[in-house]
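Just so you know, all these numbers are worked out from the coordinates, no wet-lab data involved. Here the structure is a predicted model, which is why all the values come from computation and not from measurement. Here the Cβ positions follow ideal geometry from the backbone for every residue, glycine too, while neighbour counts run over all protein chains shown.
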Amino acid sequence: MNTLGLHGMVWVGGWSEREAREAIARTAEAGFDLIELPALDPASFDVDLTARLLEEHGLRAVASLGLTDDTDVSSTDPDAVARGRAVLGDALALVRDLGGDYLGGVVYSKLGRYTEPASPQAVENSRASVAWLAEQARRSGITIGLEVVNRYESNVLNTHDDALAFITDTGADNVVVHLDTYHMNIEEPDFHSPLRGCGSKLGYLHVGESHRGALGTGTIDWDELFTAVHDVGYDGTITFESFSSAVVHPSLSSTLAIWRNTWTDGAALARNAHDFLMKGLGDSRQPGH
Ligand code: MN
């Protein structure tokens, strides 16, 4: 069975003690196995408190982030690359200290809109930084996931083919493709061929609706997606990611252009998502489907 995860921004936009308690307790209550921490500022987390709460609620954690203009490892400014590697190193330490085994997201470029294509030098700087990150991660048994995002959120990896070629070029065996249905809906031809194309290199899956609201209320072809999960035998983590202006993160909400409420009740949203995933994954496992 797949591990089912929930993104922390279903509950909270920060990680004060109150927010950490709320996010971890409610993720466990909604039936999920794992919480994905939005670690855009990884050094700001109270690791001891978070580790204690995870243990108390029997939950595992992974972390994800996107870099910024100032920390873009695909930049041709060596200082930006160095700042980016420092943030990635902090995120890796956070995952390691929480006993996690996965760090993903847009760890290979800025998360945000570029106004021109990535130059060969930009791609090479990104590749070298991901190879460096993978080497650091290997020492702690951590896998690095490259989240493939749409054209408005990076100019380096927009399709699963981009990611597969990039991973080959890093030469690292602990780097995987992280797919997200929200982005696939914009850049891929369908919801089946990217999973098939990635095969064993698919290491993490975000499920998000076409408008990033509740599962089943947008235009994602969930039947096709669940069939693909079954057909390729993907048994890794599946994490529900959703954003609404009901929960605001100081930087991520604006970066992702979350301007409206797609929901207000995180508990109802999370329960619905868990039921939706259990049913979809269960149905796709029925004989003859
Ligand atoms: Mn995602």
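For this structure, a couple of remarks:
- Magnitude of the charge dipole for the chain, about its Cα centre and with charges confined to Cβ atoms of Lys, Arg (+1) and Asp, Glu (-1), is about 220 debye.
- Equivalent ellipsoid of the stretch 160-248: semi-axes from √(5λ) of the C-alpha gyration tensor, largest first, are 23, 15, 12 Å.
- Counted residue by residue at 0.36 nm each, then reduced by the alpha carbon distance between them, the extension gain from Asp173 to Arg139 reaches 11.0 nm.
- Other-chain or far-sequence residues with amide H under 5 Å of Ser74's (modelled H): Lys110
- Ranked packing of 205-213, 101-109, most packed first, by mean Cβ within 10 Å: 101-109, 205-213
- Percent of Cα pairs exceeding the 15 Å cut-off, where the set is the stretch 1-69: 48 percent
- Using θ = phi - 60° and Karplus 6.51 cos²θ - 1.76 cosθ + 1.60, couplings along the stretch 227-238 (whole Hz; Gly, Pro as x): 4, 5, 4, 5, 5, 8, x, 5, 10, x, 6, 10
- Percent of beta bridges antiparallel (DSSP, the stretch 102-214, rounded to nearest 5): 0 percent
- Working note: 222 nm ellipticity from helices only, DSSP H runs with n ≥ 4, each -39,500 (n - 2.57), summed and divided by the residues of the chain, gives -13000 deg cm²/dmol to the nearest 500.
- Per residue, the convex hull spanned by the Cα atoms of the chain measures out at 116 cubic angstrom.
- Near Tyr102, the amide H atoms lying under 5 Å from its own belong to Ala63, Thr143; only residues 5 or more places off or on other chains count, and H is placed 1.01 Å from N.
- Compared with the rule-of-thumb size 2.2 N^0.38 Å for a compact globular protein, the stretch 148-205 has a Cα radius of gyration ratio of 1.03.
- Listed peptides 87-93, 254-260, 152-158, 164-170 by packing density, highest first (mean Cβ within 10 Å): 152-158, 87-93, 164-170, 254-260
- Net charge in the neighbourhood of Ser126 (other residues with Cβ under 14 Å of its Cβ; Lys, Arg +1, Asp, Glu -1) is -3.
- Convex hull projection area averaged over all views, the stretch 131-287, Cα basis, nm²: 9.9 nm²
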